[in-house]
Amino acid sequence: MLALDSLLDNLKLWSTEFLIVIIKVLVVFVVGLVGTMLMVWFERKVIAFMQNRIGPDKAGPKGLLQTLADGIKLFFKEDLIPDRSDRFVFKLAPYLAFVPAFLVWSVIPLGGDFSNGKDGTVVIFGHATKLQLADPPIGVLLLLALSSIAVYGIMLAGWSSGSKYPLLGSVRASAQMVSYEAALGLSLATVILVAGTLSTNGIVVAQNSVSRWHVIATGVVPFVVFLIAATAELNRPPFDLVEAEQELVGGFNTEYSSIRFALFFLAEFMNTITMSGVIVTLFFGGPQPIRFGGVNLTLSFLGPFAGTVLFLLKVMVFLYVYVWFRATLPRLRYDQLMNLGWKLMIPLALGWFMLLAAFRVGQDHGWNRAVVGIVCLVVLGACAWLLSYASKVSARNREREGAMF
Amino acid sequence: MMELFVFIVAAAMVLGGAIGVIVSKHPVHAALSLILTLFGVAVLFVAQEANFLAAVQVIVYAGAIVVLFLFVIMLLGVDNAENLRIEPFKIQRPLAAFVSVAVFGLVVTAVFVARNANTAAKGNGLEVLGDDGAPIHDGNIKALARDLFSDHVLAFELTSVLLVIAVVGTVLLARKPRKADLQEAGS
């Protein structure tokens with residue numbers, strides 16, 4: 001069976017190992033929910049701060065319990081199912097959106113002891129374990145699989161509503177998510193190439209100092225592509241055409257109400273958190289201490305929680321970045337979105353992957369790095385010129401022919 | 001015991017999905033049943049320790065191909081039940097019956113012939129062992145990659161060429177002829 005966790009070998013019912021695994025499952029679940037609750041509050045507060053408002057401040061200290069209040073309110077609302085909807089699919093769709101969002105948590109290393117090149121195992125009740133729910137050999141491929149499954153929730157929600165605007169929203173969403181998944185996968189491939197492993201734990205172990213963080217080791221470009229593609233994959237601003245209020249009423253979830261709407265809402269915010277976690281894991285060393293030259297920020301006074309705190313601090317940065325995007329950037333037009341995805345992100349990610357692969361091969365064969373670099377630049381430059389020339393020609397043809405449809 | 005349980009559940013998923021594809025009148029429901037089948041197959045792959053195949057199965061088939069099916073169904077608005085009485089292609093149904101019987105016979109024969117063969121034991125072939133005799137965490141994937149990019153690299157490259165040809169062909173077929181070309185043909 002899938003080698004998920006060393007604790008699961010020879011597992012006996014109600015033994016200590018069994019209880020540890022159960023506790024890990026519960027912790028991941030609860031942390032996910034509470035994190036989402038705090039994220040909604042954080043986003044509203046930060047946006048309010050950027051727009052010179054106060055934001056939610058009535059429920060609980062500083063409005064912390066606002067999300068809880070909203071959630072309870074949603075639970076008690078009437079649950080509507082439109083007359084023309086496909087009832088089974090309509091009920092199924094929120095879960096299809098919600099479950100993948102949760103499952104991504106299971107492969108992200110949430111903490112552990114990575115100081116001095118250790119591999120992140122900690123000892124709980126006399127059993128060595130990693131502070132992540134599962135460490136499957138396919139690791140990050142599971143992330144890709146789940147993000148491709150997440151499309152179904154949105155797609156089927158829009159279709160099953162039996163209404164025009166949700167359908168338009170979901171067609172937009174599925175086209176967008178499928179397009180940007182390619183860029184996401186290609187920039188992820190560079191990380192796999194540099195780390196030499198698919199396992200998320202292995203990827204974190206490979207980044208044991210700041211200069212070996214993959215954001216630097218892969219040369220920043222894959223990180224930028226990944227960040228943009230992830231934002232598009234999350235349907236967050238400036239890529240939130242899925243629910244462009246001015247055009248589509250509310251997008252794919254227009255017909256949803258009550259608890260089903262709450263599930264979509266929850267999935268969206270949880271995806272934001274998990275994607276930040278994924279970015280930190282892939283490019284910023286996850287729970288690794290920040291080791292740069294002589295500086296060694298391990299937060300060792302926190303003991304076993306140092307890794308978790310470092311991970312959370314890094315995730316917070318990206319959560320802030322996502323809110324910042326939303327407050328700053330205007331929404332893209334649909335053709336701009338597709339042009340950016342297909343004509344810039346995918347070729348860039350692919351070209352960069354080839355460049356890194358060429359350097360890898362050159363290293364194995366002992367070729368001169370400068371020569372490899374120059375040859376690669378010439379080839380990639382020629383490809384880029386061809387691509388831009390081709391799109392220029394097609395744009396000119398379109399202009400001459402008028403609209404195709 | 002565990003393996004038997006997993007097999008029964010996964011096989012039920014595969015068969016249920018396959019029956020659903022045929023029985024459901026609505027194209028979207030058929031596509032959803034197909035996803036169920038694909039997931040069942042992925043679970044069977046995992047049970048056989050072919051983790052990479054399972055991941056690729058989900059990413060490529062469930063994540064990309066069926067999404068495109070659904071996308072086309074939604075975009076073209078063919079999401080109404082087909083009238084089964086209309087038969088656009090006369091020989092299709094007898095041919096389908098013949099092929100399904102033939103495939104069933106093939107599977108039964110294969111099972112019958114291979115009934116005495118040794119089943120793969122754990123760690124046999126799919127689980128790659130390191131120098132110290134312990135299984136490598138992702139050795140399976142590394143072994144697969146080494147095989148694919150060394151011994152079978154020609155077949156691999158030819159397959160990718162085939163895919164490129166398919167894409168180019170689709171673009172050519174789907175392209176509307178330009179107005180200038182039509183005028184030239186007309187004059």
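Would it be correct to say that A:A306 is modelled with pLDDT under 85, in a helix (DSSP H, G or I) and open to solvent by less than 50 Å² (accessible area, probe 1.4 Å)? Criteria met by A:A306. Within the stretch A:46-80, the set of residues being acidic (D, E) and over 22 Å from A:S258 (Cα atoms) comprises A:D57 only.
Please verify whether A:F90 is closer than 30 Å to A:L131 by Cβ and touching a helix residue (DSSP H, G or I) at 6+ places or on another chain (Cβ under 7 Å), treating the condition exactly as stated. Here the answer is no, as A:F90 does not meet what is asked.
Conditions (1) closer than 18 Å to A:V278 by Cβ; (2) within 14 Å of chain B (Cβ to nearest Cβ); (3) touching a residue at least 12 places away in the same chain (Cβ under 8 Å), marked per residue:
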{"residue": "A:L131", "(1), (2), (3)": "yes, no, yes"}
{"residue": "A:I138", "(1), (2), (3)": "yes, yes, yes"}
{"residue": "A:L146", "(1), (2), (3)": "yes, yes, yes"}
{"residue": "A:I149", "(1), (2), (3)": "yes, yes, yes"}
{"residue": "A:V171", "(1), (2), (3)": "no, yes, yes"}
{"residue": "A:V191", "(1), (2), (3)": "yes, no, yes"}
{"residue": "A:V194", "(1), (2), (3)": "yes, no, yes"}
{"residue": "A:I203", "(1), (2), (3)": "yes, yes, yes"}
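Going by the structure shown, is A:N296 at pLDDT 85 or above and in contact with a Pro (Cβ under 9 Å, 6 or more places away or on another chain)? In short, no. Residue count for the stretch A:100-114 satisfying the condition of being outside any loop (DSSP other than H, G, I, E, B) and either over 11 Å from the mean Cα position of the chain (by Cα) or small (G, A, S) (or both): 6.
Annotation: of all residues in the stretch B:21-76 being over 30 Å from A:P137 (Cα atoms), without any contact (Cβ under 8 Å) to a residue 12 or more places away in the chain and open to solvent by 40 Å² or more (accessible area, probe 1.4 Å), the one that is farthest from the other protein chains (Cβ to nearest Cβ) is B:I22. Annotation: B:S160 fulfils all but one of (1) within 14 Å of another protein chain (Cβ to nearest Cβ); (2) modelled with pLDDT of 90 or more; (3) open to solvent by 90 Å² or more (accessible area, probe 1.4 Å); the unmet one is (3).
Does A:L380 satisfy the criteria of being under 21 Å from A:P222 (Cβ atoms), open to solvent by 70 Å² or more (accessible area, probe 1.4 Å) and of a type outside the set (V, I, T)?
no
For the stretch A:35-86, a residue qualifies if it is of a type in the set (S, T, N, Q) and either over 23 Å from A:L329 (Cα atoms) or open to solvent by less than 90 Å² (accessible area, probe 1.4 Å) (or both), and the qualifying residues are A:T36, A:Q66, A:T67, A:S85. What about A:S179, is it surrounded by 23 or more Cβ atoms within 10 Å (Cβ to Cβ), assigned to a helix (DSSP H, G or I) and on the phi < 0 side of the Ramachandran plot? Here the answer is no, as A:S179 does not meet what is asked.
The values are calculated or read from the model by the stated rules, or taken from the named source; none is laboratory data. It should be emphasised that the depicted structure is a prediction, and the values quoted were computed from it without experimental measurement. Cβ atoms come from the backbone with ideal geometry, glycine included; neighbour counts cover every protein chain shown. Please note that ligands, DNA and RNA were not included when accessible areas were found on the heavy atoms of the full protein model with its side chains. Shrake-Rupley method; radii C 1.70, N 1.55, O 1.52, S 1.80 Å.
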